[in-house]
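The values are calculated or read from the model by the stated rules, or taken from the named source; none is laboratory data. Nothing here was measured: the structure is a model prediction, and the numbers come from that model. In this analysis, Cβ positions are derived from the backbone assuming ideal geometry, glycine residues included, and neighbour counts consider all displayed protein chains.
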Amino acid sequence: MKHTNLFVIITLMAGLLHQNLTGQTHSMPKLEYAYAALEPYIDAQTMEIHYSKHHQAYLNNLNKALAGTKAENLPIEELLVAAERRGATIRNNGGGHYNHSLFWDILSPDAVKTPNGKLAEDIVKTFTSVDSLKKLLNAGATTRFGSGWVWLYVTPDKKLAVCSSPNQDNPIMDANKENRGIPILGIDVWEHAYYLKYQNKRGDYLSAIWNVINWDKVASNYTNALKNPLLKVIEKDAWQELKDFHMVMAQTFHPMEEGKFDPIRTRSGEMYNKAKLLAASKVPASFQSPEITKAINDLVDGSMKLDKLVVKKAKDNKLKESLIKLHDTFHVIQGLCSDDH
């Protein structure tokens, strides 16, 4: 079944009209080629169903889940950094929208089949050769049980790495505990990506797809990822001990603002322990400095003093003064982890 660019344009115009009428934040990316343009490697029917049905469904479900919430206008990357904490609907459909948008963008009927420039140099440094990298990606895709993706991504310390992820997860997500970063190349290994043409022969699909992966676009993604502030956001989000302390701080400080002191009276010891764990943890490379070391030590000292006040059954005003000071110290640490430092 052959389709022309006119059909693609009509589909995109309908999607844009729907977005304007509904006020939806996220929209379908423009497909830069006809459904049949990637044949014989990806057939037209698979492309049409994959783009207009599967991806469209992820987008619709994402916008429906976000409608009327505080997260409605957040960029997709910001949603995904906290995908696990936002729940399965955002995680699955936000991932589905982001992953497929990247996938369409790196495919081309006129693909440059060999990387050049800095990307090529760094691939050789990291993986020995482009062929070695392809073998790693194919192995990750082949051994991914069930549905999922395989990724070439940029780590927070600006290195290239390979991983696979289940379902619609990706390296941006907090759900992907060990492999965080910004994807620059992703291969879809859900069966709907290849089954009509290749049936159960995932390996044949993986061999074929390299004919339509455009390394020029991957190189552009690499350049953009290296300077993307999202890397620091991910690096900070992956600092679990900081997140653990933040959770206790939020769950005690905000009630205190409302005049409720039971949370801090019952959890001051927990806060002190979380501060000590933070001090014992490894500070991510981007944030290491004498200033942050001092601030963390001040946090431990302040948490200890607050806990002693609680043990001594100090009055609420004393606890409030101590907790506010501790809260300010924590925000010094947060500031030192921002993109301005």
I'd like the residue in region 191-218 that is within 19 Å of His55 (Cα to Cα), of a type outside the set (D, E, K, R) and surrounded by fewer than 19 Cβ atoms within 10 Å (Cβ to Cβ) and, out of all such residues, is farthest from the chain's Cα centre (by Cα). Leu196
Could you check region 42-69 and list, in sequence order, the residues that are modelled with pLDDT of 95 or more, among the β-branched types (Val, Ile, Thr) and assigned to a loop (DSSP other than H, G, I, E, B)? Ile42
If I ask for residues that are part of a helix (DSSP H, G or I), within 21 Å of Lys312 (Cα to Cα) and without any contact (Cβ under 8 Å) to a residue 12 or more places away in the chain, which ones from region 248-279 would you list? Pro255, Asp262, Thr266, Asn273
Name the residue that is nearest to Val162 (Cα to Cα), counting only residues in region 83-101 that are of a type in the set (A, V, I, L, M, F, W, C) and buried (at least 21 other Cβ atoms within 10 Å of the Cβ). Ala83
Among the numbered criteria (1) under 14 Å from Asn221 (Cα atoms); (2) part of a helix (DSSP H, G or I), which one does Pro115 miss? (2)
Looking for whichever is modelled with pLDDT under 95 and charged (D, E, K, R) here; the options are Asp262, Asp316, Asp339, Asp328. Which one fits? Asp339
Determine, yes or no, whether Thr69 is farther than 30 Å from Asp43 by Cα and either surrounded by 13 or more Cβ atoms within 10 Å (Cβ to Cβ) or in contact with a Ser or Thr (Cβ under 8 Å, 6 or more places away or on another chain) (or both). no
Residue list for region 38-74, restricted to those being β-branched (Val, Ile, Thr) and more than 17 Å from His100 (Cβ to Cβ): Thr69
Return the residues of region 280-305 that are buried (at least 16 other Cβ atoms within 10 Å of the Cβ), free of Cβ contacts under 8 Å to residues at least 60 places away in the same chain and either among the small types (Gly, Ala, Ser) or part of a loop (DSSP other than H, G, I, E, B) (or both); say none if nothing qualifies. Val283, Ala295, Gly302, Ser303
Which fully enclosed helices (runs of 4 or more DSSP H) of region 190-242 have 2 or more residues being at pLDDT below 95 and among the charged types (D, E, K, R)? 230-237
Tabulated pairs, region 202-228, first of a type in the set (S, T, N, Q), second part of a helix (DSSP H, G or I) and exposed (fewer than 15 other Cβ atoms within 10 Å of the Cβ), C-beta under 9 angstrom, 6+ apart or interchain: Thr223/Gly117; Thr223/Lys118
Of all residues in region 315-340, count the ones that are touching a Lys or Arg at 6+ places or on another chain (Cβ under 8 Å) and either charged (D, E, K, R) or in a helix (DSSP H, G or I) (or both). 3
With the structure loaded, tell me whether Ala314 is aliphatic (A, V, I, L, M), farther than 30 Å from Gly181 by Cα, surrounded by fewer than 18 Cβ atoms within 10 Å (Cβ to Cβ) and not assigned by TED's automatic domain parsing to the domain that holds Lys227 or whether it fails that test. yes
Answer from Asn228, Asn221, Asn273 - the residue that is buried (at least 17 other Cβ atoms within 10 Å of the Cβ) and of a type in the set (S, T, N, Q): Asn221
Counting residues that are among the hydrophobic types (A, V, I, L, M, F, W, C), surrounded by fewer than 23 Cβ atoms within 10 Å (Cβ to Cβ) and assigned by TED's automatic domain parsing to the domain that holds Ile123, which strands (runs of 3 or more DSSP E) fully inside region 139-188 reach at least 3? 160-166
From Glu77, Glu72, Glu39, residue being modelled with pLDDT under 95 and of a type in the set (Asp, Glu): Glu72
